[in-house]
Amino acid sequence: MCQLEFFEENGRSSLKDTINFCLPDSSEPANSEKPGEFLMPPGLARLRELSADAFDAAMCASMSELPIGENISRFVEKVCKAGDGAARAASDRGDPDVLAVLGAAAKVQHEIHRLSGFLRFNPDPGGVYIARCAPDHFILPALAEHFTLRFGETPWVIVDEKRNLCLCRKKGGEAKLIPAPPDSAGPASGATKNRNGDYWEDLWRLYHRSTNNESKKNLPLQRQFIPERYRKYLPELT
């Protein structure tokens, strides 16, 4: 079962609870070792009661799409068994399961932070602001709260071209995760390919030129902070 199938199966067309990592408990074992698949481990409700940090780590690790389903399941079990020592058990990097979960969670959290600043939105003719990306991990749900607060009542769409998914929010509604339409232009509500893209991309280039100090240009350092997989979505760097 992939992440999206899990959300749909549990009736979570809205991502409000997903943003807060409030997913329900599951009785299914985490036995998938294929990238992009993960069966939610049992005991998540108990884990959240014991340690919010451990719960966030388990959820972020599950969004990594790395083949660590068994590690996450054992991590949840060990932390729950620790009772009052849950926080200590969840931070024991000498345990291979804890190390795997914390390592995967850190990768996901780092990419969430990056894309919170790297996404470039262009308005379509209907006033819907559209951004595209291809993140390494399944992080669209974790971006919903940030961009809902950032855009207010302005409708927006984030297209994950790698997974053919859209995170979209209409005016007055909640952010929802839906399959991307065939042209990956936006939600099925009628968003079309941006006709003003050149203008908005030129604005980004103008901003970059006006704030960039060419005398201190350091391309190796720039590539370290902005890897090549993100650069094709940044008009100011193309």
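Quick note: the coordinates plus some simple rules give every number you see, no bench work behind them. Quantities reported herein were computed from a predicted structural model and do not represent experimental measurements. Here the Cβ positions follow ideal geometry from the backbone for every residue, glycine too, while neighbour counts run over all protein chains shown.
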Rounded, prolate or oblate: which fits region 116-237, taking a ≥ b ≥ c as square roots of the Cα gyration tensor eigenvalues, rounded meaning a/c under 1.5, else prolate when a/b beats b/c? prolate
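Can you tell me the dipole magnitude for region 116-237 around its Cα centre, using point charges on the Cβ only (Lys, Arg +1; Asp, Glu -1), in Debye to the nearest 20?
That gives region 116-237 a dipole magnitude of about 180 debye.
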Residues other than Lys162 with Cβ under 11 Å of its Cβ, Lys/Arg counted +1 and Asp/Glu -1, net out at -1
Residue-span extension gain [Arg205 to Ile178] - 0.36 nm each, minus C-alpha spacing: 6.6 nm
